[in-house]
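The values are calculated or read from the model by the stated rules, or taken from the named source; none is laboratory data. Everything numeric in this text was worked out from a predicted model, so none of it was measured. Here the Cβ positions follow ideal geometry from the backbone for every residue, glycine too, while neighbour counts run over all protein chains shown.
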Amino acid sequence: MGEPVVQTFFLIFTGAAVLASIALYTRQPLLVAYIVLGAVLGPYGMGLITNVHLITEISHIGIIFLLFLLGLDMQPRALLSVLRKATSVALISSLVFAVTGFAIGYLFGYGLLESMVIGMAMMFSSTIIGIKLLPTTVLHHKHTGELMVGLLLLQDFLAILCLMLLLSGDVGRVDMRQFLLTIVALPLLALFSVAFVRYVLLKLIQAFDRFHEYIFLLAIGWCLGLAELSEALGLSAEIGAFLAGITIATSPISQYIAISLKPLRDFFLILFFFSLGASFNLNLLSEVIVASVVLAAAMLVIKPVVFRVLLRHQSEKNSLAWDIGFRLGQISEFSLLIAFVATNAAIIGQKASHLIQATAIITFLVSSYIVIFNYPSPIAVSDRLRRD
């Protein structure tokens, strides 16, 4: 790291505390404060923190813990039921978003391959934004939370397939051996995790549940271990973490683990939003601002409408359909990863990459405002809507 570690964390967390205080007094979402802080302190702002890549790598742990906690709050039978209902919604909506993104990219003069990647990046919604702004009571006990998690998991799997396509070095050519390995790996990983929990993990928990420090350590080790194994098999660390959580969701100690890990999750998520603001090159903003505003506006309008129509077709209530549509109205952190991989593979240029990044930041911010002003969330500006 270019700066001393203590100094870097001092700047991030002290700065975040100051801006978060201002945000709360002015009734703004806290994540806006973290993104703005990153832009101000990062290499394209004041330049006080330059090694954003390392911070981004560290912050990825927060996303892994987020998915692990999601798994802890889901019952396997309920999830399977939701996935059956959500599959058609996820596939059809992703196709609509991809076509819309491709068309807008092409209209703004991007090449065929670049427009394809832009469309690909529009397919997904943010797990972090969607779940962070969802009240815990909804996530634990209501159909809304189950349906959102099902849609986000299916999108994650589609994102993995897209990343495999890009990592093959040429859009349109896929390593079939790796593709088939990934398809087979998911059920095998699920079977392994169920067996390991039943015959090893639960026995350890039962034997030493009075040692809280050990349970905390065991939970982190299980989460990160399965996340790493999942990534090694061609899946994502997020899917491995979710499986790690859901396989111990039926354990009596699952809620203790969930409560213990939440502060750790929030620590890393602050780093994630900081790195998002810090990694954006403000000098290139003028080149992509018009296209990114148009693309972001299209996603913010089309996504809620499409989800509403598809969920109503699945006999969901109108209010629930709009609720989920607006909560999933942004693009995803996977979109940023797609931009990074495609740029490194020389499939898209810096301008197209920054278009995707700018669109992600705009949709993150606007979608957050829409939710906290209109729907229940832990950081809603209204006391009537604030739900923990």
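Comparison of I259, I239, I220 shows that the only residue that is β-branched (V, I, T), at pLDDT 85 or above and over 30 Å from G45 (Cα atoms) is I220. Scanning region 334-353 for residues being crowded, with 24+ Cβ neighbours inside 10 Å, of a type outside the set (G, A, S) and over 18 Å from the mean Cα position of the chain (by Cα) gives a total of 1. Candidates are the residues of region 253-280 that are of a type in the set (S, T, N, Q) and more than 20 Å from V366 (Cα to Cα); the one that is surrounded by the most Cβ atoms within 10 Å (Cβ to Cβ) is S254.
Where helices (runs of 4 or more DSSP H) fall entirely within region 277-376, those with at least 3 residues that are farther than 28 Å from R27 by Cα are at 285-313, 333-344, 350-374.
With A17, A98, A90, A103 as the choices, which residue is without any contact (Cβ under 8 Å) to a residue 60 or more places away in the chain, in contact with a helix residue (DSSP H, G or I) (Cβ under 6 Å, 6 or more places away or on another chain) and small (G, A, S)?
On the way: A17 fails: in contact with a helix residue (DSSP H, G or I) (Cβ under 6 Å, 6 or more places away or on another chain); A90 fails: without any contact (Cβ under 8 Å) to a residue 60 or more places away in the chain; A103 fails: in contact with a helix residue (DSSP H, G or I) (Cβ under 6 Å, 6 or more places away or on another chain).
None of the others qualify; the one that does is A98.
Assessment of region 125-148 against the conditions (surrounded by 16 or more Cβ atoms within 10 Å (Cβ to Cβ), out of contact with any Leu (no Cβ under 7 Å at 6 or more places or on another chain) and at pLDDT 85 or above) yields at least one matching residue. Name the single residue, out of those in region 31-58 being buried (at least 18 other Cβ atoms within 10 Å of the Cβ) and touching a Pro at 6+ places or on another chain (Cβ under 9 Å), that is farthest from V366 (Cα to Cα). Step by step, filter region 31-58, then rank; the result is I49.
Within region 197-252, the set of residues being of a type outside the set (A, V, I, L, M), surrounded by 20 or more Cβ atoms within 10 Å (Cβ to Cβ) and in a helix (DSSP H, G or I) comprises W222, C223, S230, E238, G240, F242, G245.
The set of residues from region 106-124 being surrounded by fewer than 20 Cβ atoms within 10 Å (Cβ to Cβ), touching a residue at least 12 places away in the same chain (Cβ under 8 Å) and of a type outside the set (F, W, Y) comprises just one member, L113.
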